[in-house]
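I have placed the structure first, in the form of structure tokens, so that the comments after it can refer back to it.
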């Protein structure tokens, strides 16, 4: 077995955490999650002055990133209004019209 496969972590073992303190403006994101690593790598490539990868361990697929605390937000859950029957009917009609136009265009192209 290769060294990379030997240390494959299970889903519960992959964690991501964001750490910052009141004393400085720097935030640190530590992750074992491939999705977050891809996301942060894209940010580092697009905005190298704002986001930096400071440590990477390919053996465990682990990475540490630094960025300003101003990019960290915590939001309240979205308030969603339940759909009224009238609104549901309008949405259903709009969807049906859309698919009818799409079918007609497909048949016209054939």
dims of the stretch 67-110, Cα set, principal axes, largest to smallest, nearest Å -> 55, 33, 7
How tilted is helix 85-109 with respect to the longest principal axis of the chain? Cα atoms for both, answer in degrees (0 to 90, nearest 10).
80 degrees
Taking 7 Å along the Cα-to-C-beta vector as the label spot, tell me the residue 13-residue 88 distance in nanometres, rounded to one decimal.
4.7 nm
Sort 20-31, 97-108, 56-67, 76-87 by the packing proxy (mean of other Cβ within 10 Å over each peptide's residues), most packed first.
56-67, 20-31, 97-108, 76-87
One would report the Cα pair-distance distribution of the chain, bin width 10 Å, in %, as 11, 25, 18, 14, 22, 10, 0
Coarse-grained scattering of the stretch 43-94 at q = 0.20, 0.21, 0.23 Å⁻¹, given as base-10 log I(q)/I(0) from a Debye sum over alpha-carbon atoms
-0.82, -0.87, -0.96
Any chance you could give the angle, 0 to 90 degrees and rounded to 10, that helix 34-46 forms with the longest Cα principal axis of the chain?
90 degrees
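None of the figures in this text is laboratory data; all of them are computed from the coordinates on show. This structure is a prediction, so every number in the text was calculated from the model and none was measured. All Cβ positions, glycine included, derive from the backbone under ideal geometry; neighbour counts span all protein chains shown.
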